[in-house]
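Structure provided below as structure tokens; questions to follow.
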Amino acid sequence: MYLHLGCNEVVHLDDVVAIFDLSILETGKAAQDFLAVAQMEGKVTDLSQGRAKAFVVTRDAVYLSPITSSTLYRRGRFFSRRSLSLRD
């Protein structure tokens, strides 16, 4: 299954490592450092058009999303459960 991140961008759920609320950057030094390194390495894609609410870490990239982390998480959980029930 796939997760829609905004601006017509989707990623495979199996590739998603973590979903973070952007507010973590206000207090989390490790998150700030991680995002700074990812930007230096050219791995950050800004889908938010300056209105980022979350960032999604995948195996190969980091996406700044205009969709809240809670909504992304719920979407991912919904599709994960649905995928599991389809396998039964």
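Coordinate-derived values only; no laboratory data. Note that the structure is a prediction, hence the values are computed from the model and not measured. All Cβ positions, even for glycine, are placed from backbone atoms using ideal geometry, and neighbour counts span all protein chains on display.
Can you list the strands (runs of 3 or more DSSP E) lying wholly within the range 1-64 that have 3 or more residues being without any contact (Cβ under 8 Å) to a residue 60 or more places away in the chain?
Because the criterion is at least 3 residues that are without any contact (Cβ under 8 Å) to a residue 60 or more places away in the chain, the strands (runs of 3 or more DSSP E) in the range 1-64 that meet it are 9-12, 16-21, 44-46, 54-58.
Let me ask something else. Among LEU3, LEU47, LEU35, which is the only one that is more than 12 Å from ILE67 (Cβ to Cβ), under 14 Å from the mean Cα position of the chain (by Cα) and aliphatic (A, V, I, L, M)?
Working: LEU3 fails: more than 12 Å from ILE67 (Cβ to Cβ); LEU47 fails: more than 12 Å from ILE67 (Cβ to Cβ).
Result of the check over LEU3, LEU47, LEU35: LEU35.
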